[in-house]
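The values are calculated or read from the model by the stated rules, or taken from the named source; none is laboratory data. Computed from a predicted structure; not experimentally measured. Neighbour counts run over all protein chains shown; Cβ positions are idealised from the backbone, glycine included. All accessible areas refer to the heavy atoms of the entire protein, side chains included, with ligands and DNA or RNA removed. Shrake-Rupley method; radii C 1.70, N 1.55, O 1.52, S 1.80 Å.
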Amino acid sequence: MDNMETALNKFLLSKKLAGLTEQSLTHYNEINRSFASDCLSEPVSAITVEYYQTYFLSLYDRHLSKATVSTYIRHIKIFLKWLEVEYNLLQYIYG
């Protein structure tokens, strides 16, 4: 199984091939790299419900606006959904 760094690069490539703008690609990259920063060398299966819930809660602790938190969560959920499909991770992402 790929590590998170490889998976994230594949995700970004898929978004580029889908025709997203450079600005959108930059946002996806920055937000999801921040999200996965603690496990980039780990296998994709390292992403668990507890991992992403803890990260989502940490966004609120940063005193970001609700709109910014929503944007982060939306971008990360799109990445999680992509991981689910590409790596058949239903058991990891949803417990």
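Determine, yes or no, whether K10 is open to solvent by less than 50 Å² (accessible area, probe 1.4 Å), touching a helix residue (DSSP H, G or I) at 6+ places or on another chain (Cβ under 8 Å) and under 19 Å from E84 (Cβ atoms).
The answer is no for K10.
Those residues that are outside any loop (DSSP other than H, G, I, E, B) and either of a type outside the set (D, E, K, R) or open to solvent by less than 30 Å² (accessible area, probe 1.4 Å) (or both), I need them from the range 57-68; list them, please.
To start, the set of residues in the range 57-68 that are outside any loop (DSSP other than H, G, I, E, B) comprises 57-61, 66-68.
Residues satisfying the conditions are L57, S58, L59, Y60, A67, T68.
The rows are residues; the columns are (1) hydroxyl-bearing (S, T, Y); (2) outside any helix (DSSP H, G or I); (3) touching a residue at least 24 places away in the same chain (Cβ under 8 Å).
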position	(1), (2), (3)
A7	no, no, yes
F35	no, no, yes
T54	yes, no, no
S70	yes, no, no
K77	no, no, no
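Regarding the range 36-56, can at least one residue be identified that is hydrophobic (A, V, I, L, M, F, W, C) and either open to solvent by 80 Å² or more (accessible area, probe 1.4 Å) or modelled with pLDDT of 95 or more (or both)?
Within the range 36-56, none of the residues are hydrophobic (A, V, I, L, M, F, W, C) and either open to solvent by 80 Å² or more (accessible area, probe 1.4 Å) or modelled with pLDDT of 95 or more (or both).
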